[in-house]
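Dumping the structure here so I can ask a few things about it.
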Amino acid sequence: MKIRAALAYIVFGLIFGLSCNNNSNNKSLMDNNFKNPDYSHIDTNKVVVNNEEWKKRLSPEVYHIAREKGTERPWSSKYENSKEIGTYYCAVCGNSLFESDTKFESGCGWPSFYKPISKTSIIYAQDGSHGMQRTEVMCGRCGSHLGHVFNDGPPPTGLRYCINGVVLDFATARAAEAKYNSGQQKNQDGNK
Ligand SMILES: [Zn+2]
């Protein structure tokens, strides 16, 4: 009986491990399947949704970090070493969080920034979990857990916002410009 239980545990572990890999490889697919209807890069209204509803709206991976204050494995985010120029948004609600020019290589294993886009991008809370005193950072629009901020960052702020890549969306400056231009074009067509 014990052997059967152990086997079941191993099989479960394998399936879970594989599904985790699939999650990270197919992030864009997952995002499409679980897009939050309140997602917006423009709307600044607060998003207040209960956990049952968040479970339906978010992929399990994003839900775990954003709503259960989970932490992704270090060195696992594609954004950790990215040097692309653009804007990082909350993957849950689309709120703009960080510009790429405030990103730096901290060596901590998670995407790191020294300054949020605005004072309202982020909200802060004291976090005494795991026997440590840390400052938790959450999205200013939807309250999702993003990561923590520490006092060992570079100038000019001296801060290190250590953020889970799973809860970040990124748009290159070029993509944003193309989107803006296509919107302008539509407006012009509409005025004809
Ligand atoms: Zn958000």
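Just to confirm the filter: which chymotrypsin sites (Phe, Trp or Tyr not before Pro) across the stretch 42-88 are DSSP coil and have at most 14 other Cβ within 10 angstrom of their Cβ?
TRP75
From largest to smallest, what semi-axes in whole angstrom does the stretch 34-191 give when each is the square root of 5 times an eigenvalue of its alpha carbon gyration tensor?
For the stretch 34-191, the ellipsoid semi-axes come out as 27, 20, 14 Å.
Kindly flag which residue pairs out of LYS56/LYS119; LYS83/LYS103; LYS35/LYS115; LYS46/LYS83; LYS83/LYS115 have an alpha-carbon separation exceeding 20 Å in this structure.
Working: LYS56/LYS119 30 Å; LYS83/LYS103 8 Å; LYS35/LYS115 27 Å; LYS46/LYS83 30 Å; LYS83/LYS115 16 Å.
The answer is LYS56/LYS119; LYS35/LYS115; LYS46/LYS83.
Just flag the GluC sites (Glu not before Pro) in the stretch 82-174 sitting in loop per DSSP whose Cβ has no more than 11 other Cβ atoms within 10 Å. Show your work: numbers first, answer last.
Working: sites: GLU84, GLU99, GLU105, GLU136; in loops: GLU84, GLU105.
Answer by residue number: GLU105.
No value in this document is a laboratory result; all are computed from the given coordinates. Here the structure is a predicted model, which means the values were calculated and not measured. Quick reminder, even Gly has a Cβ in these numbers, built from the backbone with ideal geometry, and neighbours come from all protein chains shown.
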